[in-house]
Structures are given as structure tokens and as C-alpha cells.
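Have a look at the structure below before the remarks.
The values are calculated or read from the model by the stated rules, or taken from the named source; none is laboratory data. Every value quoted in this text rests on a predicted model; they were computed, and no experiment measured them. Cβ placement follows ideal geometry from the backbone for every residue including glycine, while neighbour counts extend to all protein chains displayed.
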Amino acid sequence: MDKEGKEVTKSKFYKIGMGFLIVSLLTWIIPVIAPFTPFPTAVKAGVITGAIVFAEVMFWVGALLVGKEVAAKFKSYLNPKNWKKEKEKQENEK
């Protein structure tokens, strides 16, 4: 019974960590959109800086919760250099 309790706890931390990684990814949309808003430049700069810092903190907290390997794999999926490699790898497997 003790072992089952640990598996549930690990699963919860993993889900929370993946949630943090997803929120981190979505937060990177803010710096792209902020320059096109009607706010003063100082506000835009603050929002962009805050969003970047928040996204990085969320990513690293999520990485701590899900583990180093999962975070590295998640980060490699986001790297455009790897997108073409993945397509070629899938085509070669067929």
C-alpha cells in the first residue's frame, strides 16, 4: 500500500511539472504580441521582460518536477533544427 501512495504522488508531480512546461511555452506568446498593443513603450518593455522571466522560471520548475530527461526531450521538440530531422527520420522508417 505504501508503494501505491508513492506512485500516485509521483504521477501528480509529473502532471504538475508538465503543466508548468506547457504554461511556460504559452507564456512565450506574450513577448511576440506585446509590441503590437496600444500601451506605452515602458509598459510593453516591462511586460515583455516579466513574461520572459516568468516563462523561464516556470520551465525550470517544471523541469525539476518532471526530470532532466523529460525536460531535455521537451526542449528538443521546440528546437526548429530538430523538426526537419524528425520528418526525415519518420520517412526513413516507412
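Computed quantities for the displayed model
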read-out	value
Checklist (1) farther than 22 Å from residue 73 by Cα; (2) within 19 Å of the chain's Cα centre (by Cα); (3) of a type in the set (Gly, Ala, Ser) applied to residue 24, failing item	(1)
One residue from 43, 8 being in a helix (DSSP H, G or I), exposed (fewer than 14 other Cβ atoms within 10 Å of the Cβ) and modelled with pLDDT under 95	8
